[in-house]
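Comments concern the structure below.
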Amino acid sequence: MKNKRSRLQVITEILRSSVVGSQEELLNLLADRNLSVTQATLSRDLKVLKVSKTPLANGTYKYVLPPVTKTVSPTGNLSTFTSHGAVTSIEFSGHLAVMKTKPGYASAIAWDIDNKGASEILGTIAGDDTILIIPREGVTREAILQLMDMTFSNK
């Protein structure tokens with residue numbers, strides 16, 4: 001599969017709906033969906049998605065995605081997206097979005113946003129705790145908020 005974003009979405013769907021204990025098992029599930037992926041690519045994808053293994057009661061393990069929560073901002077009119085508590089807010093100034101993070105997280109989160117390959121985002125600029133999100137012309141605030149929800153729920 002050529003489209004990394006689509007492949008990551010399929011892997012996320014599989015991990016949310018099935019108990020998967022090994023990369024070999026996940027490769028077979030992807031093959032069932034007509035997705036041919038090498039073990040090395042799958043390993044990199046699992047790293048990008050921040051997938052970890054957790055033990056089950058029967059002594060085996062399963063892959064799990066990191067937890068994500070979504071809350072409403074104190075102003076009540078903008079959504080705030082948090083992934084492991086690293087993102088604290090998102091606000092808009094005209095066409096641009098400004099995302100605040102905990103100190104030291106902005107660069108990694110901006111890289112993640114850029115590498116999701118969303119056509120709605122032209123690019124990001126990151127400091128230590130702030131990310132400037134530059135949407136393409138005609139993209140609404142609501143579309144950006146939806147995209148951020150999708151971006152962080154797919155990690």
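The values are calculated or read from the model by the stated rules, or taken from the named source; none is laboratory data. No experiment lies behind these values; they were computed from the predicted model shown. For neighbour counting, all protein chains shown are included, and Cβ atoms are generated from backbone atoms with ideal geometry for every residue, glycine included.
Assorted remarks:
- Odd one out for residue 1, checked against (1) modelled with pLDDT under 90; (2) within 18 Å of residue 149 (Cα to Cα); (3) surrounded by 11 or more Cβ atoms within 10 Å (Cβ to Cβ): (2)
- Qualifying residue in the stretch 31-48 (condition: part of a loop (DSSP other than H, G, I, E, B), under 22 Å from residue 112 (Cα atoms), outside the structural domain of residue 111 (by TED's automatic domain parsing) and in contact with a helix residue (DSSP H, G or I) (Cβ under 6 Å, 6 or more places away or on another chain)): yes
- Reported count of residues in the stretch 1-25, each being part of a helix (DSSP H, G or I), closer than 12 Å to residue 64 by Cα and not basic (Lys, Arg), is 6.
- Residue satisfying all of: in the stretch 92-112; at pLDDT below 90 and over 28 Å from residue 47 (Cβ atoms); surrounded by the most Cβ atoms within 10 Å (Cβ to Cβ) among these: 95
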